[in-house]
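The values are calculated or read from the model by the stated rules, or taken from the named source; none is laboratory data. This one's a predicted model, so the numbers in the text were calculated from it and none came from an experiment. Virtual Cβ from ideal backbone geometry, glycine too; neighbours counted across all protein chains shown. Calculation scope for accessible area: heavy atoms of the full protein, side chains included, ligands and nucleic acids excluded. Shrake-Rupley method; radii C 1.70, N 1.55, O 1.52, S 1.80 Å.
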Amino acid sequence: MVKKHIHIIGGGLAGLSAAVSLSQRSDAQVILYESSPSLGGRARSFYDTHLERTIDNGNHLILSGNDAVFKYLRLIDATNSLIGSGYPLFPFVDLELGKRWDLLLSKGRFPWWLFLAKHRVPDFKFPELFALWKLLKADTQQTVADCLVNGQFARRLLKPFAVSALNTSCDAGSALLLGSVMRQSLMKGGKACIPYFPKEGLSETFVQPATSLIELQGGKIHLKSRLSELHVEDGKIDYFVMNNNKIEVGPQDTVILALSAHVAEQILGAVCPKVKVPNQFESILNLHYAVDPNLRIKGSVDKAKFVGVIGGISEWIFVKPGVISITVSAANRFIGCQSENLAELIWQEVKEVLSPVVETPLPEEIPNYRLLWEKRASFVATVEQNHRRPSCYTPYYNLFLAGDWVATGLPATIEGAIRSGFSAADAVFASKPD
Ligand SMILES: Cc1cc2nc3c(=O)[nH]c(=O)nc-3n(C[C@H](O)[C@H](O)[C@H](O)COP(=O)(O)OP(=O)(O)OC[C@H]3O[C@@H](n4cnc5c(N)ncnc54)[C@H](O)[C@@H]3O)c2cc1C
């Protein structure tokens, strides 16, 4: 059988999921290209020689309702590489108002947790729930802030949830996108909100098993391969330039562009200038502190392995073997702050948050740390940027798009990236030349 060559350019989770999906077909030859020396893109782990620990470029949380993520993990046989409490459990600390609680959602669709003082957001009032309805009914122009109702339900749940899911402030974030996330999670009940993260690291969960499967099924992977140009002839891509070499695209062959948005915009600008791509970005700050690998934690934080923080700089504190990692989303607001000052301030918060739950005190002095600031962690999930997201189809029958910035209906998340990769893979075989 003559195989259709599928050139997938970009080895983040969008490119990997397209490759995993297509490599299963006997009529497709997958060739994956990635410019950097390793796969994974914005979701990768590596050994940090300064910390002498394996760390993720950024803490990634996924929820049990992320259907595309779990489909991908089942395909690559990596579901068991995740850990989590197994419950829709979210321990929180309010540093400003000095309060601690465990948000524990009821597993079914009916929100019994709202009626149980020990499981719900403390001090919230029932009329505040109107915000949920407004978010679910939001139109394309509304921001999250337009839908919120002032009170502790917004401050202690909806705002942190929105900022983490959209990586954008509530004042600017699209209510429509947050509504989509809520439909996939909160509205399905606690069984869709069980948090998970990789046991060892992002690459061990999302990348290495996928690489093995793609290669086992005959796919080829080329690292350090940078695309610089697509070339169009007779209404189709006839070749592209990779590390200054021309790669011919045969009449039956296809290209899937799974690049980061800012690179895709440059490449597409030359061949399909009418295709718009998100072009404003938000950063995420991650601080990894090396701590005693035998550090023992108690109670719900030990079960969940993370805690949400309200009223501080930190938003989520993850406790992993030998590493305490902090995530700060929508972090452009901290650009200009000295890294050393941020690391010192955040360590003070970590001690305040974790002191009551650690069995041995955390060091007074700031431990060795690594600050990772992903400057283009995601496109800004504003109304305006959401309108710039293209579909996976292009004016050329043999060129498709994938990436968390493609119009998936979701913000830039692992779920969105993988969904876009699967959709591009499906589109390749659904589409025929005119
Ligand atoms: C710090 C951080 C924390 C996050 N936390 C979460 C979270 O908790 N939950 C969640 O769901 N999501 C989270 N995300 C978002 C998630 O990581 C991304 O949505 C997802 O990884 C995007 O995958 P992608 O394949 O679309 O893009 P990318 O990962 O950007 O992949 C694009 C790939 O293309 C390659 N490339 C670029 N230019 C070229 C070229 N010219 N030629 C060849 N290859 C090229 C890049 O090197 C890259 O590997 C987080 C992101 C960051 C940065």
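The table for this structure:
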read-out: Single condition residue 385 does not satisfy, out of (1) closer than 30 Å to residue 47 by Cβ; (2) more than 13 Å from the ligand (Cβ to nearest atom); value: (1)
read-out: Count of residues meeting criterion [open to solvent by less than 20 Å² (accessible area, probe 1.4 Å) and among the polar types (S, T, N, Q)] in region 119-171; value: 2
read-out: Selection from region 388-405 of residues that are more than 17 Å from the chain's Cα centre (by Cα) and within 11 Å of the ligand (Cβ to nearest atom); value: 401
read-out: Matching strands (runs of 3 or more DSSP E) fully within region 180-248 where at least 3 residues are out of contact with any Asp or Glu (no Cβ under 7 Å at 6 or more places or on another chain) and closer than 17 Å to residue 82 by Cβ; value: 195-198
read-out: Qualifying residue in region 348-369 (condition: assigned by TED's automatic domain parsing to the domain that holds residue 56 and in contact with a His (Cβ under 7 Å, 6 or more places away or on another chain)); value: yes
read-out: Residue in region 65-104 that is most open to solvent (accessible area, probe 1.4 Å), counting only those that are within 19 Å of residue 297 (Cβ to Cβ) and part of a loop (DSSP other than H, G, I, E, B); value: 87
read-out: Residues of region 411-430 satisfying the condition of being open to solvent by less than 10 Å² (accessible area, probe 1.4 Å) and part of a loop (DSSP other than H, G, I, E, B); value: 411
read-out: Qualifying helices (runs of 4 or more DSSP H) (wholly inside region 105-170; at least 1 residues being under 23 Å from the mean Cα position of the chain (by Cα) and free of Cβ contacts under 8 Å to residues at least 40 places away in the same chain); value: 144-147, 159-166
read-out: Subset of region 328-342 [surrounded by fewer than 22 Cβ atoms within 10 Å (Cβ to Cβ) and within 16 Å of the ligand (Cβ to nearest atom)]; value: 332, 333, 334, 335, 339, 342
read-out: Total residues in region 266-294, condition in contact (Cβ under 8 Å) with a residue 60 or more places away in the chain and either within 20 Å of residue 375 (Cβ to Cβ) or crowded, with 20+ Cβ neighbours inside 10 Å (or both); value: 15
read-out: Matching residues, region 238-265, being in contact with a helix residue (DSSP H, G or I) (Cβ under 8 Å, 6 or more places away or on another chain) and open to solvent by less than 20 Å² (accessible area, probe 1.4 Å); value: 254, 256, 257, 258
read-out: Positions within region 266-296 being within 11 Å of the ligand (Cβ to nearest atom) and closer than 17 Å to residue 420 by Cβ, in sequence order; value: 267
read-out: So residue 355, is it under 24 Å from residue 44 (Cα atoms) and polar (S, T, N, Q); value: no
read-out: Matching residues, region 385-404, being open to solvent by 10 Å² or more (accessible area, probe 1.4 Å) and touching a residue at least 40 places away in the same chain (Cβ under 8 Å); value: 386, 387, 388, 389, 390, 394, 395, 396, 397, 404
read-out: Only one of 69, 20, 30 that is in contact with an Asp or Glu (Cβ under 6 Å, 6 or more places away or on another chain) and at pLDDT 95 or above; value: 69
read-out: Residue in region 215-234 that is farthest from the ligand (Cβ to nearest atom), counting only those that are open to solvent by 40 Å² or more (accessible area, probe 1.4 Å) and touching a residue at least 60 places away in the same chain (Cβ under 8 Å); value: 217
read-out: Every residue from region 406-434 that is more than 7 Å from the ligand (Cβ to nearest atom), under 19 Å from residue 284 (Cβ atoms) and in contact with a strand residue (DSSP E or B) (Cβ under 6 Å, 6 or more places away or on another chain); value: none
